[in-house]
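The values are calculated or read from the model by the stated rules, or taken from the named source; none is laboratory data. If you're wondering where the values come from, they're calculated on a predicted model, not measured in any experiment. As a convention, Cβ positions derive from the backbone with ideal geometry for all residues, glycine included, and neighbour counts pool all protein chains shown. Areas reflect the complete protein model, heavy atoms only, side chains present, ligands, DNA and RNA absent. Shrake-Rupley method; radii C 1.70, N 1.55, O 1.52, S 1.80 Å.
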Amino acid sequence: MADPLPPQQDEDYSQFVALHRAALTASGVPPIYWESLHRKLRGEIFDAGETFGIMQVEEAEEEEEEEEEEEDHKKKRNPGNEPTFKVIVTNESGLRASDPGSIFLIDHAWTYRVEHARPQLLRVPGLLHRMANLMGVAFHGEVPDEGAVEEVLKEMWKYNQTYRLSQGSAEEKVPVWYIMDEFGSRIQHSDEPTAGTAPLLYIPQQMTYTLLWPLRDLEDGEEVSRDYTYGETDPLIRSSLLFPWRPVDLNHVSCHTPEPPDAYYQGILDENKESLPVPIEPPLPDKSKIFKVFTDMQQVLGGVNHPRFRFTDSERDADVLFNFSHIKDYKRLSVERPHVLLNQFPCESLLTVKDCLASVARRAGGPEGPKWLPRTFNLKTELPQFISYFKQREQRGEDNHWICKPWNLARSLDTHVTSSLPYIIRQRESSPKVVSKYIEDPVLFRRDDVGMVKFDIRYVVLLRSLRPLKLFAYNVFWLRFANRPFALNELDDYEKHFTVMNYAPNVELKQIHCEEFVALFEAQNPAFPWSSVQENIFKSFGELFQAASSRPAPYGICDYPSSRAMYAIDLMLKWDTDSEGKRVIQPQILEVNFNPDCARACKYHPSFFNDVFSTLYLDETENCPVTRIL
């Protein structure tokens, strides 16, 4: 039994436990080790070397294959099915799980966010050399070598671990990746691990370490191993997650992804904590009524001066609630204030969250999805199907560039373009994500100052009602452009592969009004008049909203007569071929946004919110620049 702590140390330990109890408990660190852990963290004691050692493993096959692999000897296979290194216990007395001191700190050799990986490898002294040595990548000299950088960027997904900060801005919540030091990185996978590992943010120092502790007694010479898929019990998912280290054949897994079962949508409703409204009679229109509007959106306060709307500071007195935050208790509103008009629909997350968007879209296009949505997989629920699809495309020699996106983040945050299957698989560990087929042949726009670049288009659509389905598109649309010529290389080059420039610091923001764009587009693509392109765009919007409202809530958007909504739909255009082999332009819906930022709309079109309010709440569109889609 450990000696009692002096009073001051006892107080320090109590504070340590108060700060870190939740993290330690969630990570499964046994309380028997907490006191020793506190002492080692406070004293920065890295004593693993007294108990463990790294052993290089000579495989018999290596000598036989040496000549064949001579040209491909740049990288070792660690950590893989036949490891080059492993960690063993070197203490003659072994390691006892009952010993309170049997917990060890592992330092992190490299901590970064993905978008900073290449610049850091090129600029941080010694980093590339250390990572190359750790990963078995050939690198000589002191000057950063682009070939070595590419190899490290490829191999690092076999070594990466991740965590996320729970507080801070959206940028600060983007997952952090880290690579453990040479000791931690040599610990191999086992389905029956002998040790547990977990990252811990030590709050007093704001430093993150990995903790290592034994799961059972270990004798001198026994291997230390960990479970790379800790917590996953499904055998198919486990083998899928282990693919970066020991590839398995998943050709027997169908790549078809039918719409999820009803329980999936019920789970979303429960997670969102939404209560569905009771049936109400639709509010009767009154052509002379002055509507009192309550809003927490400055753009609305400054943008609406229509004579039939006036603002109120009292939410209880309002006829219209136009809120930036999501409404949850629709049931109470429908019972107590059924006449109050809203700016959102129950269950609209089926449109505005990326995994749900892909699911409901399958109602329009079957398991493959509709032509207007890139083929999309939910990495949480459809990982084996995705791997099967990826490998089948690889075998057919088809393009395999993909884009990984968080379910519910905007502005391209934590979004990655890659053709690396291990990269994509490991993204599943950081935050909930979908993976969509990257548009390898987009319709490009010629910028005189740059060349042929990617662009996307944002339309604002106005959903007036679901029964009947009344959907309008605002006639003014907005363009966003990449800043560098498009090519399927340098996939981490933000200004080449992304178009959202208005949030990135020190980055040019190219703006063109839609009327000017149409003239330039038609000059660059004379066989494709914009009117026909836009007709197909609006057709895809209509099919999307029909699919999303084709089933009752919570399996579709809820038909609540007092609801109205404004959404922004972001899309790109790609080159495709029709059934006759003719080259055509196919819209590709990227995402649907609730309560989008309308700063540009308000700045260049002062009547924007008057038009929105007239369309949604007065059902008057005669003098508004809107087109009825449905």
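Between the C-alpha center of segment 95-121 and that of segment 234-301 there is a gap of 36 Å.
The apolar share of the surface of the chain, taken as the fraction of accessible area on carbon and sulfur atoms (1.4 Å probe, ligands and nucleic acids excluded), comes to 50 percent. Between residue 15 and residue 281, the modelled label-to-label distance comes to 6.5 nm, taking each label 7 Å out from Cα in the direction of the beta carbon.
The radius of gyration of the Cα set in the chain, together with its Dmax, comes out at 28.3, 90 angstrom. Binning the C-alpha pair distances of segment 70-215 at 10 Å intervals from 0 yields a P(r) profile of 10, 35, 33, 18, 4 %, listed from the shortest bin outward. Stretching the chain fully between residue 452 and residue 536 yields a gain of 27.9 nm (0.36 nm per residue, less the alpha carbon separation).
Segment 372-439 and segment 586-630 have Cα centres separated by 32 Å. Once the Cβ-Cβ distance of residue 98 and residue 550 is raised to the sixth power relative to R0 = 45 Å, the FRET efficiency obtained is 0.15. Placing pseudo-labels 7 Å out from each Cα toward the beta carbon at residue 394 and residue 316 gives an inter-label distance of 6.4 nm.
Taking each residue as 0.36 nm, the span from residue 140 to residue 222 lengthens on full extension beyond its C-alpha to C-alpha distance by 26.1 nm.
Are there trypsin sites (Lys or Arg not before Pro) in segment 540-602 that DSSP marks as loop and that have at most 10 other Cβ atoms within 10 Å, and which are they?
582
Between beta-carbons, use under 12 Å as the cut-off and find the net charge around residue 316, counting Lys and Arg +1, Asp and Glu -1.
Around residue 316, the charge tally is -3.
Applying 0.36 nm per residue to the separation of residue 46 and residue 329 and subtracting their alpha-carbon distance, the gain on full extension is 96.7 nm. Each peptide in 522-531, 15-24 was scored by the mean count of other Cβ atoms within 10 Å over its residues; highest first, the order is 15-24, 522-531. For the peptides 129-140, 415-426, the ranking by packing is 415-426, 129-140, with the highest mean count of neighbouring Cβ atoms within 10 Å listed first. Size of segment 403-461: Rg and Dmax of its alpha carbons, in Å, are 14.3, 42. With Cα atoms defining each centre, segment 529-576 and segment 150-186 are spaced 37 Å apart in the structure. Annotation: peptides 385-397, 346-358, ranked by per-residue average of other Cβ atoms within 10 Å with the highest first, follow the order 346-358, 385-397. Taking a sphere under 15 Å around the Cβ of residue 254 and counting the other residues whose Cβ falls inside, with K and R at +1 and D and E at -1, yields a net charge of 0.
Listed cross-link partners 371/405; 405/582; 380/496 are compared with a 24 Å cut-off, the Cα-Cα value being larger for 405/582; 380/496. In the context of the full set of protein chains, the chain has a per residue accessible area of 47 Å² (1.4 Å probe). Going by a ≥ b ≥ c, the root eigenvalues of the Cα gyration tensor, does segment 289-443 fall in the rounded group (a/c under 1.5), the prolate group (a/b larger than b/c) or the oblate group? Prolate shape, in that a/c is at least 1.5 and a/b is the bigger ratio.
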